[in-house]
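The values are calculated or read from the model by the stated rules, or taken from the named source; none is laboratory data. Keep in mind that this is a model prediction, so the values were computed, not measured. All Cβ positions, glycine included, derive from the backbone under ideal geometry; neighbour counts span all protein chains shown.
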């Protein structure tokens, strides 16, 4: 046997094979393992990028091709369920959301209407936190946070801006994200004492 030939236990061989094969997209049928036939070659890296870029990676203890395949196949029941509170959704939410995604990706200035008009904003990122979506934007170099539920309309301008890496790093920090629901209060408080 293989374990005799290499002088190790069968359990050691199983562990070693498992560690080496964990990144392959395998399926198990009738007592045999084989490469999965249906998966497209680009799907796994794209899904891993999605998991990393959206922050889902923080809650998954393992991120590899086998897990991605397991989570994205259509077999019921799914082995995992990520339960998040439903977001506050306004009537214009889908349209605003897609326009904001486009503006963020293409570095296009926007104007938006909440209870007042905000012209010439640089949209930085959309963040979902604690049941609500928030738009983080810059206006004349100052950080602004807008709950998406408060946004009535979004207009893209023809003006472009340069992405600011340090802002993207800042808004991805846990302390910043946990303060999002309180940003308006903190902003008003700071402005009160800056008189």
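Looking at residue 77, is it surrounded by fewer than 15 Cβ atoms within 10 Å (Cβ to Cβ), over 17 Å from residue 187 (Cβ atoms) and not assigned by TED's automatic domain parsing to the domain that holds residue 183? First the steps, then the outcome.
On the way: surrounded by fewer than 15 Cβ atoms within 10 Å (Cβ to Cβ): yes; over 17 Å from residue 187 (Cβ atoms): yes; not assigned by TED's automatic domain parsing to the domain that holds residue 183: yes.
The answer is yes for residue 77.
Restricting the search to segment 94-125, which residues are buried (at least 17 other Cβ atoms within 10 Å of the Cβ) and under 18 Å from residue 171 (Cα atoms)?
The answer is 100, 103, 104, 121, 122, 123, 124.
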